[in-house]
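Asker: Take a look at the following structure, please.
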Amino acid sequence: MKQHRNLILFALMLLLVPLAGEPKFHPFTGDLASFRVSFGSPLFLLFLLWLRNVPFVVSGFSVGLAVTIFRIFLDLWTTTISFSTSLGLHGPTFFYYLTYAACFHIPKFNAALYNKALQIAGWSILAEIAASIAELTMTSIYASSDFNITLSVLIKISAIAFLRCFFILSFFFLTQIYQAETRANHEHQQKQHMLLLISNLYEEVIQLNKSQKNAEAVTLNCYKIYENLQDQATIIDPTKLASEILSIAGQVHEIKKDNQRIYAGLRQLTNNRELKDYMPTTALVDLIIESNRKYAKALQKEITFTSHVDPQLPALHVYTVLSLVNNLVANAVEAIEKSGTIELHFTKMADMIKIQISDTGIGISPQKVPLLFKPGYTTKFDSIGNPSTGVGLAYVKHLTEELHGNIIVTVEDKTSFLLSIPLLNLKG
């Protein structure tokens, strides 16, 4: 974008500076009568200040050549003088612009110097004087006359330099002030927007925390019912069971209402962008990594995430993939003590998708691998010693099998979960 802007400015400079040089007056007489004072050099100074990424000497050479060619063309078109005569009259102008730009190259202007008005003004006046002397010298050489820099000549070109630089630098720094004020106003508006956004997000976090606790209670209650139904020695009271299921339904309904409120709030914060059911696999993996990177940061863990996504994979069903992979990646985050790595591989093999999640966590002993997918089995405990519900991996296995796939665990150098699922059941 910046390079495109510089090209446009450079082209405008080559076009406008020669044109600006035509309204003019001649401060000297005799052999130096061709020396002119015009708006060309002030405009050239303005372009030099704008074109910060173009070497000054390149700008000076190009503009000097463009101005000289333009003036010779005007002479040949509007008068009867010869090319050699016109070249003698306007050739020195090339050295004016080249010297002017070369003077700006000497101090090696940087971003900090652009904000120092007096230094730019002083150097602009010196560059103008040096360039004028260079042009007058070349004019006298072409005219084969003796040229001496007298005090009156020096005073005259210095006064012209001061006036021209004063007006153009006043314009330049007024535009700089305007741009600075515009940026400050824009940043102020952004900060206000961010404060409002953070305030609204804080409200959603409170709602989400409540919904999470309800979800944990529902999970625990469901697991207790599951245990009672599995225990053949327990006598099931249909009335009590119905009451417990109704209570769970009420909790789930409360979670649904909380999620609707959270969803509505987040939709408003994200400018009501439509959430799609299917996403490109790369974007989906990025979403999983980003959300779990935040989860790792919340747990104060330094975890490096890497991913490899087969470019042949189509868009996948968002909620199904998140249900499967987020569970496994979140488990990997929790399995890493302080720091480690998590790798995600999404590969297409014939009509199957292979999803592999590997981590460098504390690992699992081979003897415990068969127990991993048993409902209620867990190796995780919270900060006060309460065990997890142990239904996450059981749910992942159940959902994978519902999709006619399978899941394999390996615990050699790293703990890896490999899901193989028919691609037809995940793609749009």
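Asker: Of all residues in the range 375-428, which are out of contact with any Phe, Trp or Tyr (no Cβ under 9 Å at 6 or more places or on another chain), at pLDDT below 75 and loosely packed, with under 15 Cβ neighbours inside 10 Å?
Answerer: Lys380, Phe381, Asp382, Ser383, Ile384, Gly385, Asn386
Asker: A follow-up question, please. Yes or no: the range 168-183 includes at least one residue that is of a type in the set (A, V, I, L, M, F, W, C), modelled with pLDDT of 75 or more and surrounded by 15 or more Cβ atoms within 10 Å (Cβ to Cβ).
Answerer: No: zero hits.
Asker: Tell me the residue from Val325, Val309, Val318, Val329 that is open to solvent by 20 Å² or more (accessible area, probe 1.4 Å) and either within 22 Å of Leu424 (Cα to Cα) or in contact with a helix residue (DSSP H, G or I) (Cβ under 6 Å, 6 or more places away or on another chain) (or both), please.
Answerer: Val309
Asker: Looking at the structure I just gave you, is Phe109 at pLDDT below 85, within 19 Å of Ala134 (Cα to Cα), in a loop (DSSP other than H, G, I, E, B) and aromatic (Phe, Trp, Tyr)? Please lay out each step first, then the result.
Answerer: Values: at pLDDT below 85: yes; within 19 Å of Ala134 (Cα to Cα): no; in a loop (DSSP other than H, G, I, E, B): yes; aromatic (Phe, Trp, Tyr): yes.
No; evaluated as a whole, the condition is false for this residue.
The values are calculated or read from the model by the stated rules, or taken from the named source; none is laboratory data. Here the structure is a predicted model, which is why all the values come from computation and not from measurement. Cβ: placed from backbone, ideal geometry, glycine included. Neighbour counts: every protein chain shown. Surface accessibility is based on the protein's heavy atoms, side chains included, excluding ligands, DNA and RNA. Shrake-Rupley method; radii C 1.70, N 1.55, O 1.52, S 1.80 Å.
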